[in-house]
Amino acid sequence: MNRRLILWTGLGAATLSIVAFGGWLMSLPEAPEADGAPSVPEAEANAIVDSLRPREAERPLIAIIGVNDATEVTDYLMPFGVLRRADVADVLLVATGPGAVQLYPALAVEPNTTIANFDARHPAGADYVIVPAMSRDDDPVALDWIRTQAKKGATIVGVCAGAKVVAEAGLLDGRRATTHWYYLEEMLEKHPTIRYVADRRLVADGSVVTTTGVSASMPAALTLVEAIAGREKAERVAGAIGLPHWSAQHDSSAFQFTRPFATTVTANTIAFWNRDEFGIELHPGIDEVSLALVADAWSRTYRSRALTFSRTEGAIVSRNGVRIIPDRVTPDWNRADLLPAIGDGPPAQALDAALRGIAARYGTRTTAVVAMQLEYPRADGAPW
């Protein structure tokens, strides 16, 4: 084949790819056709709480499982921080193996224990196992441990795409469930007996609970606090974290793959020469929930990523005891690329502030892409 024919063949293939891509883009909806979040009947709300009641009157034991190489940051740290703040249970960050847990899209932490050590110290098992999204759904060590804990009587809570992991463990077959909007079709194709429930941020079926996308871990954690210690306690914790109103109410139709989402992600990805690295300074006592939300949001723009830094060597211990490993040890960071300090304000407000910062830097379309990934509803109920 001569060079001219090779050139024309390559150009033809590229043209077909562009045309196909353009056709695919045009097939996507222009914007979410939000229907509004339907109310949750009181009986259903009470049933969700009842399904999460502890099996013993004593202080429950909660294990949050993660794989070492990549576990979703907010899924892993949000329930831990909220539940530790509530102080209604013993809560442990558990890893499948020794060493640090690398979180995505940002942060790395030292877990409290490994599953082997957990089993040795708690042979009766946990009362609750929280399963975050992981880099892969079929990690054999994680799946075997989740199944074993379920057999011992643990209530399993699949947060966000952690529902896919719970499904791979065989615990969602024939059950009602939900998951992150982006992974829903994939989960249902692999596990066709799952009965998907729309318009709910969390769905309970027996001893298994699942939630929608990343931000749903906050109301899920508060619902668990309510089940363990009562509504009044949950309301006090909710006020402290800046989420005075929470429920299973959700508008699933507001979160879907749209043309603006696809074009914004494509444009931001193609501009590989225009990338930002933002620093978040770690300090002892930093709120791990606020940190997770801010780092998560700034690392989902397809234009930037958030990195942590510390002025001293070694892990920094957060407000509720998470040992956070800084990405860099440096006395300073370029102030132009330094994110606002993580203060003592409510975590929900920290996320809203991060989204405002992203909008100021990259525009409203990129902000919508971030909120869509987090499955985070606007306060006014409108689609992003």
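The values are calculated or read from the model by the stated rules, or taken from the named source; none is laboratory data. Computed from a predicted model, the values in this text were never measured in an experiment. Methodologically, a virtual Cβ is constructed for each residue, glycine included, from the backbone with ideal geometry; neighbour enumeration extends over all protein chains shown. With ligands, DNA and RNA removed, areas are computed over all heavy atoms of the protein, side chains included. Shrake-Rupley method; radii C 1.70, N 1.55, O 1.52, S 1.80 Å.
How many residues are within 20 Å of the chain's Cα centre (by Cα) and not hydrophobic (A, V, I, L, M, F, W, C) when one looks only at the range 325-356? Working first, answer last.
Of the range 325-356, the ones within 20 Å of the chain's Cα centre (by Cα) are 325, 342, 346-356.
Filter once more, so that each one left must be not hydrophobic (A, V, I, L, M, F, W, C): 346-347, 349, 352, 356.
Of the residues in the range 325-356, 5 are within 20 Å of the chain's Cα centre (by Cα) and not hydrophobic (A, V, I, L, M, F, W, C).
Is it fair to say Glu232 is surrounded by fewer than 17 Cβ atoms within 10 Å (Cβ to Cβ) and modelled with pLDDT of 95 or more?
Considered against the rule, which asks whether it is surrounded by fewer than 17 Cβ atoms within 10 Å (Cβ to Cβ) and modelled with pLDDT of 95 or more, Glu232 comes out as yes.
Matching residues to (1) at negative phi; (2) in contact (Cβ under 8 Å) with a residue 24 or more places away in the chain; (3) touching a strand residue (DSSP E or B) at 6+ places or on another chain (Cβ under 8 Å); (4) buried (at least 22 other Cβ atoms within 10 Å of the Cβ):
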| position | (1), (2), (3), (4) |
| --- | --- |
| Pro79 | yes, yes, yes, yes |
| Arg85 | yes, yes, no, no |
| Pro105 | yes, yes, yes, no |
| Arg121 | yes, no, yes, no |
| Tyr128 | yes, yes, yes, yes |
| Arg136 | yes, yes, no, no |
| Val141 | yes, yes, no, no |
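Please find, within the range 328-364, the residue that is nearest to Glu277 (Cα to Cα) out of those that are open to solvent by 70 Å² or more (accessible area, probe 1.4 Å) and part of a loop (DSSP other than H, G, I, E, B).
Asn334
Open to solvent by 10 Å² or more (accessible area, probe 1.4 Å), touching a Phe, Trp or Tyr at 6+ places or on another chain (Cβ under 9 Å), at pLDDT 95 or above and of a type in the set (A, V, I, L, M), is that true of Leu184?
Yes; evaluated as a whole, the condition is true for this residue.
Could you go through the range 153-162 and let me know if any residue there is under 15 Å from Ala70 (Cα atoms), in a helix (DSSP H, G or I) and touching a strand residue (DSSP E or B) at 6+ places or on another chain (Cβ under 8 Å).
Yes: one or more hits.
What residue, of Glu288, Glu277, is surrounded by 18 or more Cβ atoms within 10 Å (Cβ to Cβ), touching a Lys or Arg at 6+ places or on another chain (Cβ under 9 Å) and not β-branched (Val, Ile, Thr)? Quick ask: steps written out before the conclusion?
Values: Glu277 fails: surrounded by 18 or more Cβ atoms within 10 Å (Cβ to Cβ).
Unique residue meeting the criteria: Glu288.
(1) under 20 Å from Pro38 (Cα atoms); (2) of a type outside the set (D, E, K, R); (3) buried (at least 24 other Cβ atoms within 10 Å of the Cβ): which one isn't true of Gly158, the others all being true?
Among (1) under 20 Å from Pro38 (Cα atoms); (2) of a type outside the set (D, E, K, R); (3) buried (at least 24 other Cβ atoms within 10 Å of the Cβ), Gly158 violates only (1).
All but one of (1) farther than 29 Å from Thr269 by Cβ; (2) in contact with a strand residue (DSSP E or B) (Cβ under 6 Å, 6 or more places away or on another chain); (3) of a type outside the set (Gly, Ala, Ser) hold for Leu338; which doesn't?
The one condition Leu338 does not meet is (1).
Looking at Val214, is it within 16 Å of the chain's Cα centre (by Cα), among the β-branched types (Val, Ile, Thr) and either surrounded by fewer than 21 Cβ atoms within 10 Å (Cβ to Cβ) or closer than 27 Å to Asp87 by Cα (or both)?
Yes: the conditions hold for Val214.
Can you tell me how many residues within the range 143-155 are of a type outside the set (A, V, I, L, M, F, W, C) and open to solvent by less than 10 Å² (accessible area, probe 1.4 Å)?
Final tally of qualifying residues: 1.
For Thr266, are the conditions met, namely being surrounded by fewer than 24 Cβ atoms within 10 Å (Cβ to Cβ) and among the hydroxyl-bearing types (Ser, Thr, Tyr)?
Yes, satisfied.
List every residue pair whose Cβ atoms lie under 7 Å apart, where the two residues are 6 or more positions apart in sequence or sit on different chains, the first residue falls within the range 238-250 and is within 13 Å of Tyr376 (Cα to Cα), and the second residue, located anywhere, is modelled with pLDDT under 95 and polar (S, T, N, Q).
If the second residue must be modelled with pLDDT under 95 and polar (S, T, N, Q), the pairs left are Gln249/Ser39.
What number of residues in the range 42-77 are of a type in the set (A, V, I, L, M, F, W, C), open to solvent by 10 Å² or more (accessible area, probe 1.4 Å) and out of contact with any Asp or Glu (no Cβ under 8 Å at 6 or more places or on another chain)?
Number satisfying all stated conditions: 6.
Read through the list (1) crowded, with 17+ Cβ neighbours inside 10 Å; (2) in contact (Cβ under 8 Å) with a residue 60 or more places away in the chain; (3) more than 21 Å from Val101 (Cα to Cα); (4) not basic (Lys, Arg), then give the number of the only condition that Leu172 fails.
Status for Leu172: all satisfied but (2).
Go through the residues of the range 219-233 one by one and say whether even a single one is without any contact (Cβ under 8 Å) to a residue 12 or more places away in the chain, within 20 Å of Pro79 (Cα to Cα) and part of a helix (DSSP H, G or I).
The answer is yes, given that some residue of the range 219-233 is without any contact (Cβ under 8 Å) to a residue 12 or more places away in the chain, within 20 Å of Pro79 (Cα to Cα) and part of a helix (DSSP H, G or I).
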